[in-house]
Ligand SMILES: Nc1ncnc2c1ncn2[C@@H]1O[C@H](COP(=O)(O)OP(=O)(O)O)[C@@H](O)[C@H]1O
Ligand SMILES: [Mg+2]
């Protein structure tokens, strides 16, 4: 192994995880112990010290933000060669693969991507077309049921066969029609992005082989949050060379409601028998007091790997628990505490307030406004979720994919041009009678 200046920035266990480049590696570690740092340095080590082409590396993170940060950190270590590298979320990586491969399943290369709001809209249309009562079959609930099935790689046929009775049969019908409409519209929902990629790799061995050869090294951050499809994808891509490195923390699994399956990390060693397991226990973010409190809480979890975080940052201040009578007293305490911290010279930048649900921020924000505390709410409505942005995107989607019904219907009367629901319903009926798409029906609008 060549001596590397890179390895000097790491503690001994981190170094072990970075240097073990070949074969399966499982890095299990708590928060703030340098898991992401290990992945970043591992990429840099592969490229700079071992001469691996960045083109051959696939690094997966959980959010686009994390991908951007990791890419930046890698660039700082090895420079611009990192630019063409695939550091992305599962979804972004799969979209890139699908743009090249999806035609094999009969979709347009310029397929549309439906976000949650788009797919709920399409489901609403399906419920209407099936003459079902949306009160009995609420679209959002149907969307959740379909998504749950898809997360486990269950298609509508399997879904239909899993249960019987009036209710289940109707939900199955909604699922079937929804999937059919997606295909007709050359559209995929978020779950399809993963599932169709898995399907293509399963059905076309030559495609699988090409992508396996392309990515000689596969790295996954936050592996505890992977779902069934993501698990399959990683497994297939790494099946030939076995150069797979996953990092995660069974204590931080927070996406069970989205199909994240902790078994993926708990059983990694079973899937890859010659796995090297590296445990990172030194924490760089918190004081020992905070770690002890966290350790004490987490020790009660049932499904986990035992580990104890420690730090050489010292004990630090004690944890304070304040039990308030109601949300107003709670907010007042938070605001006063922040004023106190400011008085002793702590910058507002260094203060964070967490709450469990978004609704809880209101009372706190009101007090901040009254006290003149400047603040920023993180995770409000995202740019791409804003109405005008979605409208503009819908226009672009229709241009590249005229089959995209949901996008057409979104903008057909935006800005207002006196095309109401009745007109749209007429076009729908004509399209159905003539067995043509909604767009083709619009083109023949004079005949309606
Ligand atoms: N060996 C180390 N020396 C100095 N700082 C480190 C070391 N390992 C991690 N850190 C720092 O600790 C913080 C947490 O690291 P990160 O990789 O984000 O942890 P995790 O992904 O496990 O939560 C980062 O600021 C990182 O730079
Ligand atoms: Mg991390």
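Rule-based calculations on the coordinates, nothing more; no lab input. What you see is a predicted model, and the numbers here were worked out from it, not measured in a lab. Ideal geometry is used to build each Cβ from the backbone, glycine not excepted, and the neighbour counts take in all protein chains shown.
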For segment 17-66 and segment 116-143, compute the distance between their C-alpha centroids and round to whole Å. 42 Å
1/(1 + (r/R0)^6) with r = Cβ-Cβ of residue 20 and residue 141, R0 = 60 Å, i.e. FRET efficiency to nearest 0.05, evaluates to 0.85
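Pulled fully out, how much extra length does the chain show between residue 302 and residue 214, if you take 0.36 nm times their separation in residues and subtract their Cα-Cα distance?
Roughly 27.8 nm would be gained on extension.
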Using the alpha-carbon centroid of each, what span in Å lies between segment 333-357 and segment 173-217? 47 Å
How do the peptides 257-267, 365-375 rank, highest first, by the average count of neighbouring beta carbon atoms within 10 Å per residue? 257-267, 365-375
Under 10 Å, Cα contacts only: if you run a Gaussian network model on the chain, which one of 174, 290, 193 comes out with the highest mean-square fluctuation? 290
Least to most buried among 183, 297, by other C-beta atoms within 10 Å and fewest first, runs 297, 183
Within the chain, what percent of beta bridges assigned by DSSP are antiparallel, to the nearest 5? 0 percent
So if I average 1/r over every pair of distinct C-alpha atoms in segment 171-319 and take the inverse, what Kirkwood radius in Å does that give? 18.3 Å
May I ask you to derive the FRET efficiency for residue 69 and residue 284 from their Cβ-Cβ distance with R0 = 22 Å, giving the value to the nearest 0.05? 0.85
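Would you please give the FRET efficiency between residue 385 and residue 310, computed as 1/(1 + (r/R0)^6) with r the Cβ-Cβ distance and R0 = 35 Å, to the nearest 0.05?
0.30
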Given labels modelled 7 Å from the Cα in the Cβ direction, how far is it in nm from residue 443 to residue 206? 3.2 nm
Sticking with the crude label model, points 7 Å out along Cα→Cβ, report the distance from residue 252 to residue 322 in nm, one decimal please. 2.8 nm
Could you sort the peptides 204-213, 25-34 by per-residue average Cβ neighbour count (10 Å cutoff), highest mean leading? 25-34, 204-213
For segment 327-371, what is the per residue volume of the convex hull drawn over the alpha-carbon atoms, in cubic angstrom? 68 Å³
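Multiplying the sequence separation of residue 115 and residue 357 by 0.36 nm and subtracting their Cα-Cα distance, what value in nm do you get? Let's see the in-between values first.
Values: separation 242, 0.36 × 242 = 87.12 nm, distance 2.21 nm.
Working it through step by step, the gained length comes to 84.9 nm.
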Just from the alpha-carbon atoms, what are the Rg and Dmax of the chain in angstroms? 25.6, 79
With label points set 7 Å from each Cα along the Cα-to-Cβ direction at residue 103 and residue 436, the distance between them in nm comes to 2.6 nm
